[in-house]
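The values are calculated or read from the model by the stated rules, or taken from the named source; none is laboratory data. Bear in mind the structure is a predicted one, so any value in this text is a computation, not a measurement. For neighbour counting, all protein chains shown are included, and Cβ atoms are generated from backbone atoms with ideal geometry for every residue, glycine included. We work out accessible area using only protein heavy atoms, side chains counted, and drop any ligands, DNA or RNA first. Shrake-Rupley method; radii C 1.70, N 1.55, O 1.52, S 1.80 Å.
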Amino acid sequence: MMALLLDSRLLIRKVKDLRCLTPRRNRVKEKWAVTRTKHPPTSLALQHFDATYSVQLGQLWPSVRAALLSERKYGALLNHFSHDAVLADLEAQGCRDFLSDTATETQPCSEQKPEVATEEESVSMKKCDSDSQQLAPLQLSPNIKCLVFPRGDITRFKPARPDMYGLLGYYLMDAASVLPCLALDVQEGHNVLDLCAAPGGKTLALLQSQAIGFLCVNDASVSRMLRLRKVLHSYVPKPLLTDEKLRITSFDGTKWGEIERNTFDRVLVDVPCSTDRHSLMEDDNNIFSKSRTGERRKLPELQLELLLAGIEAACPGGEILYSTCTLSQIQNLGVVEQAVYLARENHGIQLQVVDLRPLTHMFRKTFHFAPDLPLGEMVIPHLAANFGPIYMCKLRRLT
């Protein structure tokens, strides 16, 4: 009997395909053509980035590549509208507010960045005064706080809990995404337009400043705007969501210059882009899907139209902040250069590029910034500080 049992076990081990032991009615045939893509979007994205960014970033690309393929770090944007004392709890876990942990000493004024346009004095960098060879640190809103774990610490944040009024204590986002909101430098009573607002992280950061007189948030995607509305209702008290203080729209952002021109003190243009990190990590809703090839190729054209619309929406003396979450030079520097030229040639708008080096100098303890960009500033991913990528460039309307 024992020998028969051992023979049976040996026989089972020799069976290579146990499906033959499964009743036919329960067998499932794999449909390889449907379930397994030969070239998934994430692989196509990596191939594209290897070919493009290895040339653009040179020796920096291997380390940036490793960071992009690793788990990203998050920051916890503190919600000042919540009544829960979550700050002390987060600090007890080892977090710190990166806006408070800044380099406050003045920065020597290094070699000036080149001007965008040389034919006419239509746009120039904000340079150091001839009398002073230093860049003073920025004055930041004391109401915006974003907590992060120390460099090299990949601890995950716990989900935020609602307070007694149902408002969540903090919003989890890439901490580098707060930088464009800080760079926008919203002052008391300003009218602000967030042209591509969904899913709502930057909108929420702007509201935390508690300085905005009127905020208009827009996104062409109705489904994404539904998500933004959910974010606002989860973090902002209802009295602050009235029509007198906030307007939510789903218009085509490229047409905003025809809707409201010369209106806003500050305009945030956080455009759709190739979303490098998402494109490498998720096959769902990936811009590198073969079905979205045409959409991806038209991204720079769309970005240019959105930035031009944002420029038109700003009033003379107002400021526009262009931002993306891609390393692509074409979608970053290339779009800004074209927008500056076309704004002058087609609309008679003179622009100045505002130097953001004071901002990068303040937060160099937390983020890694790309060196020597000719236009704008960019957070690049790094394994010890795996935030970004975030590109930002600030323009000021002179006329």
**Study point:** For region 284-291, 3J(HN,Hα) per residue [Karplus equation, 6.51 cos²θ - 1.76 cosθ + 1.60, θ = phi - 60°, Hz, x = Gly/Pro]
**Key:** 6, 6, 9, 5, 8, 4, 4, 6
Point to revise | Cα-projected label distance for ARG151 with GLU188, points at 7 Å along beta-carbon direction, nm | key: 3.7 nm
Study note, to complete from the structure: Env charge @ LEU99, Cβ radius under 14 Å, K,R +1 / D,E -1, value 0
Check your understanding: Can you pull the percent of region 224-363's accessible area that's carbon plus sulfur, 1.4 Å probe, other chains left in place?
Key -> 48 percent
Check your understanding: Out of the DSSP beta bridges found with both residues in region 213-345, what percent are antiparallel (nearest 5)?
Key -> 0 percent
Review point. With the other protein chains left in place, how much accessible area per residue, in square angstrom, belongs to region 183-275 at a 1.4 angstrom probe?
Key: 43 Å²
**Study point:** Relative packing of 180-189, 362-371, 90-99, 323-332, which averages over residues the other C-beta atoms within 10 Å, highest first
**Key:** 323-332, 180-189, 362-371, 90-99
Exercise for review: Would you kindly derive the ³J(HN,Hα) couplings of region 257-274 from the backbone phi angles with the Karplus curve 6.51 cos²θ - 1.76 cosθ + 1.60 (θ = phi - 60°), listing them in order in whole Hz, with x for Gly and Pro?
Suggested key: x, 7, 8, 9, 10, 6, 10, 9, 6, 9, 9, 9, 10, 9, 7, x, 8, 6
